[in-house]
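The values are calculated or read from the model by the stated rules, or taken from the named source; none is laboratory data. What you are looking at is a predicted structure, and each value in this text was computed from that prediction instead of being measured. Here Cβ is always computed from backbone atoms with ideal geometry, including for glycine, and neighbour counts include all displayed protein chains. Quick note on the areas: whole protein, heavy atoms, side chains included, nothing else; ligands and nucleic acids left out. Shrake-Rupley method; radii C 1.70, N 1.55, O 1.52, S 1.80 Å.
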Amino acid sequence: MKRAEKKPSLAQRMVNWAWYRYVEPQKNAARAFEAARRDRLGKAWLRRASRLSADEEIYADLASLVQRAREQSINNPYAKRFYQLLKNNVIGPKGMTFQSRVKRRNGKPDDRANTLIEGNWQQWIKKGNCDVTGRYHFVTLLHLWMETLARDGEVLVREHRGYPNKWGYALQILECDRLDLNYNADLQNGNRIRMSVELDAWERPVAYHLLVNHPGDNSYCYHYAGQTYERVPADEIIHTFVPWRPHQNRGIPWTHASMVELHH
C-alpha cells in the first residue's frame, strides 16, 4: 500500500515561494542586461524611469527647468562662468568673420563684387543695423544668442526680410517664452500644434505660434487686435536647440543635469 505523501509545512512553502520569487529570477537576470535588473536595488531607479515621449517629458518640466537655470545664471558663480566661457570660446570677442567668394563666369574671383559685399557686411553688423531694436552689434547679438541657447535650452531668431533699412534685412532675437507650452491642438488640415510649434504629417515645423507679448510682462495685456498668438511661417524663424531625442520639438537647458548639485 502506497504511503500518502506528506504536505510541505507552511515554513517550507514560504521558503519555496521566496526561492521562486526572488532567487530564481536573480539567477536568470545574471545572464541579462545588468541595467535592466528589477531587484531591490533597481526598484527606485525603475520608478524614476519613464516611457514618455520627448515632448511629454519636456512639457512636464521645461518651465521649472528654465526658471531655475535663469536663477542660477544670476546667482551661481559656476553657472555664470560657464556661460561666459561659451561666449568667449564659441563666439569670441570679435565674432565670426565673413569672406565673400563670388566668381566670374571664367571661374576667377570677382574682386570688385567681393569687396562691395564685404564692405556692406561690415556696415550691416554695426550697432543699429543688424537687429530690429537697433540695440545690438552683431557680435553682441551672437553672444546673447549663445547664452540664451545654453541657459534656456533654446532660442528663437526671427528673420525680417523687407525690413526698412539699407539692406532690407534684420534679425530679431526672442526668448522661447513666446512659445506657449500649453498651446496644443490637432488642426483640420492634418497639422498638429505641439507646445506652439505647428508640424506637418512628417513632423516638419511649418509655423510657430508666438504670443504677441512676453507672458512675463505682467503689466501688459497679451491681446493685440483680438489675437493672442501670431502665426509665423517656419522659414522666418531660426529655432535653435540641441536635440536630445527623436520627435523632440523644444529644447532643454544645458545645465539640467548639474542644477541640483549646483544649488546645494
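Rounded to the nearest 10 degrees, the inclination of helix 77-86 to the longest alpha-carbon principal axis of the chain is 50 degrees. Helix 111-124 and the longest principal axis of the Cα set of the chain meet at an angle near 70°. Checking [x] 6, 19, 24, 20, 12, 8, 5, 3, 2, 1, 0, 0; [y] 6, 19, 26, 23, 16, 8, 2, 0; [z] 7, 34, 39, 18, 2 against the coordinates, the calculated P(r) over Cα pairs in 10 Å bins from 0, in percent falls under label [x]. Let me know the number of lysine pairs in the chain closer than 23 Å at the Cα, not counting same-chain pairs under 8 apart. Lysine pair count for the chain: 8. On C-alpha positions alone, give me the angle between the axis of helix 138-152 and the longest principal axis of the chain, in degrees, nearest 10. In the chain, helix 138-152 runs at an angle near 10 degrees to the longest axis. The mean accessible area for residues of segment 168-214, using a 1.4 Å probe and ignoring ligands and nucleic acids, is 48 Å² per residue. Carbon and sulfur together cover what percent of the accessible area of the chain at a 1.4 Å probe radius? The C+S portion of the solvent-accessible surface of the chain is 54 percent.
Taking the Cα of Trp121, stepping 7 Å toward and past its beta carbon, and measuring to each backbone N in segment 90-105: which are under 12 Å? Backbone N within reach: 96-102. Here is how the number arises for the chain: DSSP H runs of 4 or more residues each give -39500 (n - 2.57), the sum is divided by the residue count, and the result at 222 nm is -10000 deg cm²/dmol. Surface exposure of segment 64-156, expressed per residue as accessible area with a 1.4 Å probe, stands at 65 Å². Put simply, the amide H of Asp180, placed in the peptide plane, has neighbours under 5 Å in Leu211, leaving out anything fewer than 5 places away on its chain. Under conditions of 20 °C and 1.002 mPa s, segment 72-193 yields 123 µm² s⁻¹ as its translational diffusion coefficient, taking Rh as the Kirkwood radius over Cα pairs in the Stokes-Einstein equation.
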